[in-house]
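What follows is one structure encoded as structure tokens, with my remarks underneath.
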Amino acid sequence: MSNLTKDDAEEIARKLRRGRPTIGRQRFEVVEQSRGGYRWISISYGGRRLARYGIKHGSRRNAGHDWIPGQIHLSDSEAYDFAKCHLSIDGYIDILARKNIVAARPT
């Protein structure tokens, strides 16, 4: 399996921002801030911040971003699948719910 790159990190942010889960589930809120050498991505679900990761500034598209899986509560392979669209928004919510990070069906 390949390591996550800058492109993958950006795709995860785009997917979370645009993704539409099934009815009864909330959308993720994604806020970006640029500070220092990173663009910071903050992810909230159900009004609660659950993750934050940085994307390195610079032009190297293949720059490694191996810290992201742990910060978004996924294994390396799950994060890679999420970036490459093999794991859906609902699948991500299911993983977070199994880890008791979010409610499976928020009220």
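Read-outs throughout are calculated quantities, based only on the coordinates presented, and are distinct from any laboratory measurement. These figures come from a predicted structure and were not determined experimentally. Cβ: placed from backbone, ideal geometry, glycine included. Neighbour counts: every protein chain shown.
Does S77 count as loosely packed, with under 14 Cβ neighbours inside 10 Å and part of a helix (DSSP H, G or I)? Before you say what the answer is, go through the steps one by one.
On the way: loosely packed, with under 14 Cβ neighbours inside 10 Å: yes; part of a helix (DSSP H, G or I): yes.
The answer is yes for S77.
Say whether the condition of being under 12 Å from the mean Cα position of the chain (by Cα), at positive phi and surrounded by 14 or more Cβ atoms within 10 Å (Cβ to Cβ) is met by at least one residue in the range 49-62. There is no residue in the range 49-62 that is under 12 Å from the mean Cα position of the chain (by Cα), at positive phi and surrounded by 14 or more Cβ atoms within 10 Å (Cβ to Cβ).
Look at K6 and say whether it is surrounded by 13 or more Cβ atoms within 10 Å (Cβ to Cβ) and out of contact with any Phe, Trp or Tyr (no Cβ under 6 Å at 6 or more places or on another chain). Answer is yes for this residue. One residue stands out in the range 80-95 among those that are surrounded by fewer than 18 Cβ atoms within 10 Å (Cβ to Cβ) and outside any helix (DSSP H, G or I): the one that is farthest from the chain's Cα centre (by Cα), namely H86. Only residues that are under 24 Å from A104 (Cβ atoms) and within 12 Å of the chain's Cα centre (by Cα) were counted in the range 1-30, giving 10.
Every condition in (1) out of contact with any strand residue (DSSP E or B) (no Cβ under 6 Å at 6 or more places or on another chain); (2) assigned to a helix (DSSP H, G or I); (3) among the aliphatic types (A, V, I, L, M) holds for I23 except the one numbered (2).
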